[in-house]
Amino acid sequence: MMSSQNAHTFYADAVLFDMDGTLTDSIAAVEAAWGKVAKDIGQDPAYVIAATHGKRAVDNLAQFKPHIKAHEMDDEVQNFEKSILFFADAYNKYGPGSQLNSPASSPVLNSPLSSGSATPDLSFSPSNSAPSSRASSFVSPRRPSFASKLNNMLTMSVVPEVAVYGQGPQFEDSIMEEDQQDIVMFEANQKKHVLEAWQQEATSVDRSVRILPGVKRMMSSIPEGRYAVATSGAKTYAYGCMTRVGITPPKVTITADDKRLKAGKPAPDPFLLAARELGFSAKNCVVFEDSPSGIRAGVASGAIVIAVCTSHERKHIEHVGAHFVVENMDKVKCEPCADGRLKFTVQL
């Protein structure tokens, strides 16, 4: 390992990434999901959230819901992780972010109205939905009724060259395009009306999954087969998060529900298994982590650990054992070498 002022250089064979808080930021959705668990069991959400970070859902659920039977645990974990993804998607799927011009809200291509389901009762008006700002125009004698326009939209032909995913039909005039927006909003309000109370709350806050700084550049600089993901999330959540931000899960992706694991973080097992599956010793790998639990797991595996301050303040992770602590992955550069090794430069 070499250093020059604040730049430190070293070599390794492969990279082992944690996922959430390291590659992706879904902390808002994760905390909301654990907050819901806390409320369900009558515990303080802040306490439960702090106690669960960086650990497997199976271990956390076993601790906070000890009544769950062994044969029920897989389903409980999957349902919990589906709730994380619901919190992550709710704002854009059902809330303020859902209303206009997204592929998911195209009334012809993706709506339940075009998939064979029954046409909704047009007199239905959700009690918690605000009236359309253009409601008065629906009774204008110069324009067709809302029901007529809805029926016309469902039966209209789509220009072949634009009938692709992500694009709705082309309209003859701006009024027809505005009518499409009204119908999209109408559908969103109907869907929102049938959500449970906690799901309703989830729609009010944007908890979307986001990719973290420097991640795309870092991952693209590492040759295929030289990096893996080892996460405390089970497959539903892990793959859901990565695909939502455009990350293709690598062939070696070790999730919390991998039956080969005897223990999760802070035990080193996930990183040891990931390195072994890549064909390298963990001692010759680099681990990127964000949580104290994950940092301890990386250190215990024998790897060089780079901690990123993307989910915790520096003061909470700088004394846990990481070899380097950086703001984010923008501070680290990886270059493949002719001999097959990876050269890392860390800017502190």
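Judged by the ratio a/c of the largest to the smallest principal axis of the C-alpha gyration tensor, segment 236-327 counts as oblate, that ratio being 1.5 or greater while a/b is no larger than b/c.
If you filter segment 194-295 for trypsin sites (Lys or Arg not before Pro), then keep DSSP loop positions with at most 14 other Cβ within 10 Å, what is left? Qualifying residues, ordered by number: Lys251, Lys259, Arg260, Lys262. With an a/c value of 1.5 or above and a/b not larger than b/c for the gyration tensor axes a ≥ b ≥ c computed over the alpha-carbon atoms, segment 214-288 is described as oblate.
Residues of segment 74-88 with an amide N closer than 11 Å to a point placed 7 Å from the Cα of Leu195 along the Cα-to-Cβ direction: 86-88. In this structure, the amide hydrogen of Val325, modeled 1.01 Å from its nitrogen in the peptide plane, lies closer than 5 angstrom to those of Ala307, counting only residues at least 5 positions away or on a different chain.
Here, each number is a calculation from the coordinates, and none is a lab measurement. Predicted model, so just to flag it, every value in this text is computed and none were measured. Cβ sites come from the backbone with ideal geometry, for glycine too, and all protein chains shown count toward neighbours.
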